[in-house]
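The structure appears right after this line, and notes come after that.
The values are calculated or read from the model by the stated rules, or taken from the named source; none is laboratory data. Everything numeric in this text was worked out from a predicted model, so none of it was measured. Note that each Cβ is placed from the backbone with ideal geometry, even for glycine, and that neighbours are counted across all protein chains shown. We work out accessible area using only protein heavy atoms, side chains counted, and drop any ligands, DNA or RNA first. Shrake-Rupley method; radii C 1.70, N 1.55, O 1.52, S 1.80 Å.
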Amino acid sequence: MRTRAGFVPAVALTVAASSACEIVRPVDPLEAHPDVVAIAILLVAGESEARLLAIHPHRQRYDQKPQIGATLEGPGWTAGFTRELRLPACGQVGGSWHVPGRCLAADLPAAIEAGGTYGLRGEAALGSFEGETTVPAVPLLVEPAEPASSWLPLPDTSGLVYIPVRSEVGPNVGTLLADPSDVLETLAHGIEVEIPVSNLGPFPEVLANADDTISIYNDTIAIYADQNPLRFTLRVFAVGWHYTNFVKYTGVDPLPGPLPDFGVEGEGVYGYFDGVAHSEFVRMAVGNVGGDPSRISK
């Protein structure tokens, strides 16, 4: 059986919705123990809650959920994953699982820090597990930059508007993504309505698989405009190497050895433990919306 997993709180981005997040592991019939647990944890800089997605990849859909206990360790504090949420809270694909799963939350005494290092300890049916990860530093969106003092031209016909994106990142970054939000479309008589981000295109969009030797990345994203002016906010997300390494092997069976570090080690447990940090918002406008793009609230 092949399974996929991923989690990011809704206030951040839906990494789990991107094609890059499909988690694939080979299944040897002799080793497909029903109590094996797959976990996914992605700490979001600035958030005071952490979430853990745990599934039994080798059980049937309505079998028993994973029995798992885990604790997150921060600088001078620990917090247990003791509060259970509805499964979709651990990512868009969480609700579509066809195996038993559980979404657990930990209320943290301090917000996750960009650049901070965190530990993980826990117990599952087949034994203990542990992990460590360092959250990426906050990426800088160099271009486009605030303040947005002009509008991008609206195409004569419905079509794509191309936006150059230049980002500066620190160490521990494996993947960069661009994600617009708060999209407003101006209709007749200047009336603005909020529209889904999906109207602009398939976001979040992977800008680059990062390289530790490079700190500046140049790319271009395409926004679809339907002959009506648009306003939206844009930011980029820096995701760590544990997540990047884990999803790198989508469709590879068997996995080559030696395996890279996914941030989690244990008995009867596999998965990833990583972090993500996002840039400041940049406010954008396509077409003259009859005002200053800075009217977009953050």
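If each residue of separation counts as 0.36 nm, what is the full-extension length gain between His189 and Leu160 once their alpha-carbon separation is subtracted?
On the way: separation 29, 0.36 × 29 = 10.44 nm, distance 2.39 nm.
Contour length minus the Cα-Cα distance gives 8.1 nm.
Summarising the amide proton neighbourhood of Gly159: residues at separation of 5 or more, or on other chains, whose placed amide H is nearer than 5 Å comprise Ala225, Gln227. Based on Cα contacts under 8 Å between residues 6+ apart, region 48-189 shows a relative contact order of 22 percent. Please compute the modelled spin-label separation between Thr71 and Asn218, points set 7 Å along Cα→Cβ, answer in nm with one decimal. Distance between label points: 5.0 nm.
Quick one: with all protein chains in place, what share of the accessible area of region 63-130 is carbon or sulfur, to the nearest percent (1.4 Å probe)?
The computed percentage sits at 46.
Which shape class, rounded, prolate or oblate, goes with region 155-234 when its Cα gyration tensor gives a ≥ b ≥ c as root eigenvalues, a/c under 1.5 marks rounded, and past that a/b bigger than b/c marks prolate? Since a/c reaches 1.5 and a/b is larger than b/c, the shape of region 155-234 is classed as prolate.
Can you tell me, using C-alpha contacts under 8 Å and at least 6 residues apart, the relative contact order of region 141-197 as a whole percent?
Normalised by residue count, the contact order of region 141-197 is 28 percent.
Couplings 3J(HN,Hα) for region 232-237, derived from phi with the Karplus relation 6.51 cos²θ - 1.76 cosθ + 1.60 (θ = phi - 60°), are 7, 9, 9, 8, 10, 10 Hz, where x marks Gly and Pro. Modelled spin labels at Glu168 and Ala110, positioned 7 Å past Cα toward Cβ, are 2.7 nm from each other. Under 5 Å between amide hydrogens, built in the peptide plane, is the criterion, and for Gly115 it picks out Val135, Ala137 among residues at least 5 positions away or on other chains.
Residue by residue, region 218-223 carries 3J(HN,Hα) couplings of 10, 7, 9, 10, 10, 10 Hz when phi is fed to the Karplus relation 6.51 cos²θ - 1.76 cosθ + 1.60 (θ = phi - 60°); x denotes Gly or Pro.
Using 7 Å Cα-to-Cβ label points, what is the Ala32/Arg86 separation (nm, one decimal)? It works out to 3.1 nm between the two label points. Heavy-atom accessible area for Ile112, with the other protein chains in place and a 1.4 Å probe, reaches approximately 10 Å².
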